[in-house]
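What follows is calculated from the coordinates using simple rules that are stated; it is not laboratory data. Just so it is clear, the model here is predicted, and its values are computed rather than measured. No Cβ is skipped: glycine too gets one built from the backbone with ideal geometry, and neighbour counts run over all protein chains shown.
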Amino acid sequence: MTRPSTRLRRALPNWLARRLSAQLLVLTVLFVMIAEVLIYVPSIANFRANWLMDRVNAAQLATLAVEAAAEQGVMPELEAELLQNAEVKAVALKRDNRRELLLASPMPGMVAARFDLRTAGPLTLIMDAFDTLLFGGNRTIAVAAEPRFGGGEFIEIVIDEAPLRQALVAFSGNILALSIFISVITAALVFLALNRVLVQPMMRMSENMVRFRQYPEDASRVMVPSGRRDEIGTAERELAEMQGDIRQALRQKTRLAALGTAVSKINHDLRNILASAQLISDRLSGVDDPQVQKLAPRLFSSIDRAIALATDTMKFGKAEEAPPRKQHILLKALADEVAEAVLPAEQTRIRTDIDIDPSETIFADPDQMFRVLLNLARNAVQAMDDTDGDGGTLTIACEMVDGGGRLMIADTGPGLSETARDHLFEPFTGSARKGGTGLGMAVAADLVRAHGGTIKLHETRPGRTVFHIYLPPEGGGPDGSHAAVRGGFAGALDVKSGA
């Protein structure tokens, strides 16, 4: 059976390890005691030096009495009384290059150690003090010092070391008691101050983090900053902002989860609808009308893309797109298809201007690149359509730059707002128009990264917004510096859009 004292000794370190305030209290007491030790060491050396000088001065006064009665002689009783009052056993004075014994007891004893206060430095005095305190007590010592009242080169006394050691022990006890008292008072004051300034705010933050982790959706558990301007205040504000960001991310995650559930249900019905539309479109292929024969292939292609997109949507829960199936695609044909998809033929408010060499190609997944350009072009058209005036012009062009090809999609829209720029490729937050979700730019960025390229906003201002999309060359690494084009050259793909 474990004894209570053993259990207490085991529990005490655990308590100290768990409680910051307890550690602070122990460290404060320890540091104050260390400071007291540093004060005690020179203090005890100074106390010993003063005690010995008091004996020297008393002995010198006794010698003055002896010299005053030198003609009549000093009676043995008077000499013994003078030695007793001075607490010495013998006194010698050196003057005129002559050392003279003025007072001496009948049996002064064998001198065990000699100390010279005239040449002793601080370190020597400290060592001598601890020598007396630890090893003294039963010795007879001789002490030399400079006479206080003149009258000689130096005065030397012989004394019993026991009273000196007793005085040092008493002084050490007083210092210890005073140190304990000062340590307790100082530790209490420092502890209370630091506990209020540091420990309590840190405990408040740690408790808040524990409570927030248990239920982060609860807005009442978000840290409320105290308004302090120091590092603690900064930590409180940063913690509150971080918790707010976490709550926002959790809300967005919940919305995405709900959206995914709804999309999966809609996708099932949508695929059935598209299957019916595909059957009807197949019948159109047998109609001899030239207009129908002209539009039917585009209708078939759109329905096939819609079915493929509905199928790929079921994979969205894996948070990744299908790997791109790269091939050489004609830029002119891709640009024409994108323009026709975003601008119906009867729409005349927004004009298109396509200037691309029919033989120009890039090496990419045709469906994925169509979605990338479609999202950017649709944003551009929507930005121009929302403005007052004649609408604007959607320009798609390709030019040779540094041995490569640059595909440009430009508009005359109002440009992107600061909020849209800060969250450009983030779903549900990066939309530039009211009511938008921002999914288009997020999907475009994912598809470009899947090709090993990069997409970034290069410039935006009223009347001009520029995006850069970089694709690696055919057979090259995903360095994002070139887009492969037929004919062996590499090109950068610059996309200019308005939203």
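With Cα atoms as the point set, region 146-201 shows a radius of gyration and Dmax of 22.6, 69 Å. Computed over every Cα-Cα pair of region 183-300 and binned at 5 Å starting from 0, the pair-distance distribution P(r) comes out as 2, 9, 11, 10, 8, 7, 6, 6, 5, 5, 5, 5, 5, 5, 3, 3, 2, 1, 1, 1, 0, 0 percent. Subtracting the Cα-Cα distance of residue 61 and residue 105 from their residue separation scaled by 0.36 nm leaves 14.2 nm.
My understanding is that a pair violates if its Cα-Cα distance is over 31 Å; which of 332/456; 294/326; 265/332 do that in this structure?
265/332
Under the simplified labelling scheme, the residue 138-residue 293 pair shows an inter-label distance of 13.3 nm, with each label point 7 Å from Cα along Cα→Cβ. Shown for 456, 89, 265: other C-beta atoms within 10 Å of each C-beta, ranked fewest to most, produce the order 265, 456, 89.
What list do you get for 231, 474 if you sort them by fewest beta carbons within 10 Å?
With the sparsest Cβ surroundings first, the list reads 231, 474.
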